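Take a look at the structure below.
The values are calculated or read from the model by the stated rules, or taken from the named source; none is laboratory data. None of the values given here were measured: they were computed from a predicted structure. All Cβ positions, even for glycine, are placed from backbone atoms using ideal geometry, and neighbour counts span all protein chains on display.
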């Protein structure tokens, strides 16, 4: 009965109800998108960091992984030290550099990773063999396309360029052993991976006779055994390996949070604004609707309909508008999130696997629950007015009017 | 002071305000700079503390910046007689073109670019953010338009009895239509004015917050004349549109029907 009356009241002004539902739908879509933006980016990054099970990353002191060209000297000794720790399951040393494949018209430049193939966590092999032999490398599709190469080809690869002599330096012939998908690189970035020792030797001349000779890396990734104390191990490494910053996944998340806090805050602000807009829209509409029906409500009260019944009917009206709008907004929100994610995925330097708008059922339910709660709250004021209506006076005024 | 430093052969460096604040450094302080943590370094004197320019590319990068003399940095980093880039000042646009051609014709292993072209290449981040803001802006405008349309329809429909009374005492449909549309326009302009005020306060709050958060003089939100004009024009157009729609519905109905009889 209450539901039928509430729906009848909404049907009486179809255009108005439709506009209100549309308004709530847009607000709900925006709210869902902003909830996804404020939580999804963080979750997406966490999933990426833990995708290969490495809980700790060791970067040169004062830097983030691959944030600068700084390197960590004495890499072999640090690897031995880390592998001797009881909780450590694997250590993956990584050196980052740029390699060039000379071509008739210039050169193809790619980001190169020197890795330990047995412990690497930077790529997934898609086809062919891993870069195990000293003269082997794996490459991603972007590199193969740019260099016009295929698996099995041998390429002349250089680590640097001498502008005085106009010649490439650190040259070496490498065989493309396999095709790989790199996990942490941005979309469209040509990349290769080769044995760490090979890359260290190729790039040694570029670093000159600096500290550490050619035994340097840019990063260590450390995988701990199940149940190991991540924070305890991190603190131990920080205390015993003074040239590195040991960063746990939680620490990396905190730094990413700081760098990308703008998007999280934007999400929170626009989400709150969407909620307020939806709330105001429903409150206004239901209040006007109740004002127009004062006589009708007075008659209902006069023939014995209880206050609770009137209140419930009005709350049902506002809940129906909110729910209809929220359901419509759910679909609209997912579509706009996909579009917005497409825009932000072009962000330079961010891994291609990062999603700014990650759909999580919990986020969707949070958005819907917030909107439903605000919808019911929006009906509270007009319901309170209707419940406190002076029946006799209202009937008299309606009769006079 | 400078003569004394020269006499002592201690080089000076310039540091940015952020580093000075965090490390508690002042002009005249002696510090050791090295290429690697714990590595051998040079003792230098803080000769100047500089404020960074409002550079968007430095946002969210909590980096410190130190300026050294070129030869000192080359020695410290064992970089040899190398530099990463040269900046060349030219005399006018023609001079730039001529210098570009001459340098690129004679260059050994490097290439000259216009500053403008480099700025375009390095502004990819801001293009992405700008596209994202534009998309969010469109969604916000759609939401606002529906909200405005709804509110104005309700506002005009509230006038059913007034309109009926006006029609019954002989006021023409056109006059009623005009008065309703005028009222809608007035409400829209008034709302826009309040909105511009709220927007201005919000932008001031956003700037104050993010300038403190990122420690930059960069302005994050700008309320310009164009933006105000767009907001008011959009609001006025929507208001008038909604007013016309609602008023047409009213004036087409019989006055007695509007009174519910």
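Values computed for the structure shown
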quantity: Meets criteria (away from chain A (no Cβ under 13 Å) and either under 22 Å from the mean Cα position of the chain (by Cα) or within 21 Å of residue A:277 (Cβ to Cβ) (or both)) for residue B:218; calculated: no
quantity: All positions within the stretch B:151-164 that are in a helix (DSSP H, G or I) and either in contact (Cβ under 8 Å) with a residue 12 or more places away in the chain or within 16 Å of residue B:237 (Cβ to Cβ) (or both); calculated: B:151, B:152, B:153, B:155, B:156, B:157, B:160, B:161, B:163, B:164
quantity: The listed residue being touching a helix residue (DSSP H, G or I) at 6+ places or on another chain (Cβ under 6 Å), over 30 Å from residue B:245 (Cα atoms) and within 10 Å of another protein chain (Cβ to nearest Cβ), out of B:147, B:132; calculated: B:132
quantity: Whichever residue in the stretch B:40-61 is surrounded by 13 or more Cβ atoms within 10 Å (Cβ to Cβ) and modelled with pLDDT under 80 and, among such residues, is nearest to the other protein chains (Cβ to nearest Cβ); calculated: B:60
quantity: Failed criterion for residue A:68 (all others in (1) surrounded by 19 or more Cβ atoms within 10 Å (Cβ to Cβ); (2) farther than 30 Å from residue A:279 by Cβ; (3) at pLDDT below 80 hold); calculated: (1)
quantity: Test set (1) more than 7 Å from every other protein chain (Cβ to nearest Cβ); (2) more than 27 Å from the chain's Cα centre (by Cα); (3) buried (at least 20 other Cβ atoms within 10 Å of the Cβ) - residue B:162 fails condition number; calculated: (3)
quantity: Any helices (runs of 4 or more DSSP H) falling wholly within the stretch A:184-267 and containing at least 3 residues that are modelled with pLDDT under 85; calculated: A:196-207, A:249-259
quantity: So residue B:142, is it farther than 30 Å from residue A:281 by Cα and at the interface with another protein chain (Cβ under 8 Å from one of its Cβ atoms); calculated: no
quantity: Check on residue A:36, in a helix (DSSP H, G or I), in contact with a helix residue (DSSP H, G or I) (Cβ under 9 Å, 6 or more places away or on another chain) and within 10 Å of chain B (Cβ to nearest Cβ); calculated: no
quantity: Unique residue being within 19 Å of residue A:23 (Cβ to Cβ) and either within 14 Å of chain B (Cβ to nearest Cβ) or within 14 Å of the chain's Cα centre (by Cα) (or both) when the list is A:332, A:340, A:327, A:350; calculated: A:332
quantity: Selected residue [within 30 Å of residue B:228 (Cβ to Cβ), more than 14 Å from every other protein chain (Cβ to nearest Cβ) and either touching a helix residue (DSSP H, G or I) at 6+ places or on another chain (Cβ under 9 Å) or surrounded by fewer than 16 Cβ atoms within 10 Å (Cβ to Cβ) (or both)] from B:177, B:168; calculated: B:177
